[in-house]
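The values are calculated or read from the model by the stated rules, or taken from the named source; none is laboratory data. These numbers come from a predicted model, not from an experiment. Don't worry about glycine lacking a Cβ; one is built from the backbone with ideal geometry, like all the others, and counts go over all protein chains shown. These area figures cover heavy atoms from the full protein model, side chains too; ligands, DNA and RNA do not enter into them. Shrake-Rupley method; radii C 1.70, N 1.55, O 1.52, S 1.80 Å.
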Amino acid sequence: MKIADKNTKAVDLVRAALEKAKEYEDYHAFISMNEAHALERAREIDEKIARGEDAGRLAGVPFALKDNYLSPEGHTTAAAKMLENFISPITATAVARIEAEGAIMIGRTNLDAYAHGGSTENSYFGPTSNAYDKTRVSGGSSGGSAVAVALDIVPFALGSDTGGSIRQPASFNGVYGVKPTFGTVSRYGVVAMASSTDTMGCFAKNVDDANLVMSIMAGKDEKDSTTLNDFWTKPLEEATPAKKKIGLIKDFMGEGVDEEVKAAIRNYADKLRKAGYEIEEIRMPTLKYALAIYYIVVPAEIASNLSRYDGIRYGLRSKEAKDLDSVYNMTRDEGFMPENKRRIMIGNFVLSSGFFDAYYLKAQKARTLLINEYNKAFEKYDALLCPVAPRPAFKIGENTSDPLQMYLEDVMTVPPSLAGLPGLSIPAGESKAGLPIGAQLVGPRQSDQILLHIAKEVEE
Ligand code: GLN
């Protein structure tokens, strides 16, 4: 990516990005633009450079921010009516770190409200179109960020991934998507979805850019006690895999998976072979339970996290409300999207005293079995390879009346999330109709840079 220096003005980089965003406005990648602040910051960066000061590793680089990251510039909406007019008093740690290196937020990108979804159709502000076909979904929930990078509006964008929300839209739009090990990047200042699987990562056009952005965001933060000590510290050349062996997950290469997707993954496996990797098929029988586990555990956490939207502390308060009960009920009815409500109901159901053992507790036990299965696989392999999604981007509206069908699209991205593992979405070709297809590499905890190293060896 282009960094501002004596010859490249930050103001020009930011202006170009803002103009491009305008040109592609009809894709609806952005919920709001940050033009005035962005240009002001760009001028400050240029002045710093003129004075001969260090303007940071991302000096003047424009970026797009998923609208669930808190920052006081403009509204942070999480694409929900509930937060339509919410101005944050704080800045998310990830954003603060990126901005401290000179990067400039040009706008906030669209998502499924509260990141609940895989198509960006659940946004209160309407859907985002796919960068390759306007009649198709951008994927989600970080659809706007993926499209902003795919259309070359910005060289990188931030996203969040709870069960696939970075990897799947990256795959649908032909860009890299990094979902790090749980705890790599602070969750402080990001609107919570499911606290045991929420991760913060990025989209980029190439491996080096992705690595640079992640290395800046990663590391301990006293405001998020689940953050790990910074392990994103190596030059990428040195993050070498020990075994040079990759497992191709057979369970995700069978029935129900698009033929063109399978062909793209086999083709990617061949490239890895040529780069010196041994590829072996592996069966992982527990994977078939991951979707069921996810759609119990995650709604349970969602129901808890969303209980804070009571119409009193912040965000919307219904104008119709007359007493305490109606403040709660009417605000939540008006402020949430149908998918948010569905998840709150499922979550409260699986946590209720009569059903806790049968659903929530059982799901957590099954989750442990899944983690064990991954651990066993990683005794033998550096990483596991599979598609990101069973098929390329689907049509806008195709799944909207059938939530279960929509959930099924997440089958390949939720397992690593439940296990806290890093997952990398890599552009791996296109279908005959010209739709991008992504390959997914998953590794043991904190092997994030090794995954990027592998991807770089076969990058085009
Ligand atoms: N599509 C998945 C879901 O709807 C993942 C969402 C996410 O990662 N935020 O839960």
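Just round it to a whole percent: the fraction of Cα-Cα distances in the stretch 265-324 exceeding 15 Å. Tail fraction, whole percent: 73. Centre-to-centre, using Cα atoms only, the stretch 184-221 and the stretch 23-53 are separated by 21 Å.
Scanning residues 5 or more positions from Ala439 or on other chains, those with amide H under 5 Å from its amide H are Ile426, Ala428, with H placed 1.01 Å from N in the peptide plane.
Rounded to the nearest 0.05, what FRET efficiency do Lys380 and Gln405 give with R0 = 25 Å and r taken as the Cβ-Cβ distance? Could you check? Display every interim value, and only then the final one.
On the way: r = 35 Å, r/R0 = 1.38.
Using R0 = 25 Å, I get an efficiency of 0.10.
Here, P(r) means the percent of Cα pairs in each 20 Å bin from 0 to the largest distance; for the chain it is 27, 59, 14, 0. The calculated Kirkwood hydrodynamic radius for the stretch 126-248 is 15.2 Å, given to one decimal from all distinct C-alpha pairs. For the stretch 117-150 versus the stretch 72-113, the inter-centroid distance based on Cα atoms is 18 Å.
If Leu324, Leu272, Leu351 are ordered by their accessible area, calculated over protein heavy atoms with a 1.4 Å probe, which sequence runs from highest to lowest? Don't skip to the end; give the middle numbers.
Details: Leu324 100, Leu272 0, Leu351 60 Å².
Descending accessible area places them as Leu324, Leu351, Leu272.
Could you state the accessible area per residue of the chain in Å², with a 1.4 Å probe and every protein chain left in place?
39
Please work out the FRET efficiency for the pair Asp333 and Ser353, using the Cβ-Cβ distance as r and a Förster radius of 30 Å; give the result to the nearest 0.05. FRET efficiency, Asp333 to Ser353: 0.75.
Helical runs assigned H by DSSP (4 residues or longer) give the chain a calculated mean residue ellipticity at 222 nm of -11000 deg cm²/dmol, each run adding -39500 (n - 2.57) before division by the residue total. Phi angles across the stretch 380-395 convert, under the Karplus curve 6.51 cos²θ - 1.76 cosθ + 1.60 with θ = phi - 60°, into 3J(HN,Hα) values of 9, 10, 6, 7, 10, 10, 6, x, 8, 9, x, 8, x, 3, 8, 6 Hz, Gly and Pro given as x. Shape class of the stretch 309-459 from the Cα gyration tensor (axes a ≥ b ≥ c, square roots of the eigenvalues): prolate, since a/c reaches 1.5 or more and a/b is larger than b/c. Of the solvent-accessible surface of the stretch 328-460, computed with a 1.4 Å probe over protein heavy atoms with every protein chain present, carbon and sulfur atoms account for 57 percent. Pairs with C-alpha atoms separated by more than 23 Å, drawn from the list Lys262/Lys362; Lys66/Lys179; Lys244/Lys376; Lys274/Lys380; Lys66/Lys134; Lys245/Lys274, are Lys262/Lys362.
Pull out the extension gain between Ala16 and Lys319, defined as 0.36 nm times the separation in residues minus the alpha carbon to alpha carbon distance; nm, one decimal. Mind dumping the intermediate values first?
Values: separation 303, 0.36 × 303 = 109.08 nm, distance 4.16 nm.
Extra length from Ala16 to Lys319 when fully extended: 104.9 nm.
A simple charge model with +1 on the Cβ of Lys and Arg, -1 on the Cβ of Asp and Glu and nothing else charged puts the dipole of the chain at about 700 debye relative to its Cα centre.
State, to one decimal in nm², a quarter of the convex hull surface area for the C-alpha atoms of the stretch 105-152, i.e. the direction-averaged projected area. Don't jump to the answer; show the numbers that get you there.
Numbers: hull surface 12.6 nm².
If I average the Cα hull's projected area over directions, I get 3.2 nm².
In the frame of its principal axes, the stretch 20-111 has Cα extents of 45, 31, 18 Å, reported largest first.
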